[in-house]
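Notes to accompany the following structure.
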Amino acid sequence: MSVNLNNLSELEEIDRFEQAVQTYFNGHIDADRFTSIRLQQGVYGQRQEGVNMLRTKVPGGRLTIGQLEALAEVTETYAQRDVAHITTRQSIQIHYIPLEEIPSAMRRLAQAGLTSREACGNAVRNMTACALSGVCPREHVDVGLHVDGATQHFLRNPLNQQLPRKFKISFSGCEADCAQALLHDAGIVATVRDGQQGFTIKAGGGLGHKPRESIVVEQFIPESELLFSLEALVTLHNKYSDRTKRAKSRIKFLVERFGEDGFLENTARNLREPKRRWLNAPIQKEGGASKSTVKYPVPAHRASCLHSGSWDCLSSPLRCRSAI
């Protein structure tokens with residue numbers, strides 16, 4: 001099973017949030033403006049005065065021992081009740097943290113490489129994966145590697161900062177689809193065609209007041225084109241989903257609005273731009289199933305992270321090839 005060793009935190013971001021908290025306490029930021037700031041950082045309000053819930057992203061539901069210890073320490077040190085909750089989408093929620101203590105809690109999580117950035121709000125949320133990823137005998141590929149790559153790509157991505165509504169992505173390692181692509185805004189299901197590993201891409205699913213099963217957007221794409229397809233779907237959502245009616249702002253309503261054929265045509269149109277911007281580099285794997293290197297095209301907003309042709313901000317097993 002692949003282990004997520006990527007450091008998702010950013011200490012300067014936490015410093016800015018701490019400054020915003022103090023500015024809010026001093027009365028120089030109104031409640032509505034501060035709400036958007038804290039939601040971007042994964043901080044929810046509670047009915048109880050003065051305390052908040054902090055949601056931490058756990059991509060693919062994978063935690064190291066050090067990360068578990070950090071979560072436990074935050075719960076015991078900063079929360080008024082010694083309870084942390086595991087969500088249905090593989091995040092960790094800790095309630096009853098006083099607002100003034102949130103930045104300190106974030107810094108402790110950052111020491112373990114964890115972040116709460118975009119764990120709530122109108123953004124690409126925590127990406128989920130089959131609980132047996134990496135050990136299931138039926139899987140075609142350990143999707144944990146791809147969860148890591150997609151998480152790194154969308155985290156703090158300008159495209160992802162003001163979406164009309166949240167966007168949820170799931171990853172399954174085989175056609176059994178344990179991560180339930182049919183219920184997600186985008187669902188990635190590993191498959192094989194003519195001996196080549198790749199994915200079936202589904203989109204437009206969801207529950208809520210008007211449940212809808214996702215439709216197949218791509219019957220098969222090679223592994224190297226995964227981020228192209230995901231960015232095309234997020235771009236489609238960002239451009240066309242309803243920003244005036246919250247109850248109808250998920251991407252599933254675009255399937256209803258455009259019809260299935262129109263939805264597919266618009267997705268294909270938005271697929272051209274990321275392909276133009278990125279290197280069209282085939283995915284490469286080195287090593288066995290338990291240790292692989294996956295080389296992705298480099299997203300433009302990550303170019304500043306590149307040093308000597310690889311991402312310093314990414315730890316093995318994920319590496320980028322070169323800058324653009």
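The values are calculated or read from the model by the stated rules, or taken from the named source; none is laboratory data. Quick caveat: nothing in here was measured; it's all calculated off a predicted structure. In this analysis, Cβ positions are derived from the backbone assuming ideal geometry, glycine residues included, and neighbour counts consider all displayed protein chains.
Observations on the structure shown:
To keep it simple, each residue is scored yes or no on (1) assigned to a helix (DSSP H, G or I); (2) crowded, with 20+ Cβ neighbours inside 10 Å.
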{"position": "E175", "(1), (2)": "no, no"}
{"position": "G187", "(1), (2)": "no, yes"}
{"position": "V217", "(1), (2)": "no, yes"}
{"position": "S224", "(1), (2)": "yes, no"}
{"position": "H237", "(1), (2)": "yes, yes"}
{"position": "D242", "(1), (2)": "no, no"}
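- Whichever residue in the stretch 86-110 is of a type outside the set (K, R) and in contact (Cβ under 8 Å) with a residue 60 or more places away in the chain and, among such residues, is surrounded by the most Cβ atoms within 10 Å (Cβ to Cβ): M106
- Residue count for the stretch 28-45 under the criterion of being closer than 15 Å to P98 by Cβ and either part of a loop (DSSP other than H, G, I, E, B) or hydroxyl-bearing (S, T, Y) (or both): the result is 1.
- Residue check, L71 within 16 Å of Q90 (Cβ to Cβ) and either charged (D, E, K, R) or in a helix (DSSP H, G or I) (or both): yes
- Each residue in the stretch 85-138 was checked for being of a type in the set (S, T, N, Q), farther than 22 Å from L5 by Cβ and not assigned by TED's automatic domain parsing to the domain that holds L63, and 1 pass.
- When restricted to residues that are surrounded by fewer than 18 Cβ atoms within 10 Å (Cβ to Cβ) and either of a type in the set (G, A, S) or touching a residue at least 40 places away in the same chain (Cβ under 8 Å) (or both), the stretch 189-211 contains 5.
- Taken together, L163, L145, L155 contain a single residue that is buried (at least 19 other Cβ atoms within 10 Å of the Cβ), closer than 30 Å to R38 by Cα, under 17 Å from the mean Cα position of the chain (by Cα) and modelled with pLDDT under 95, which is L145.
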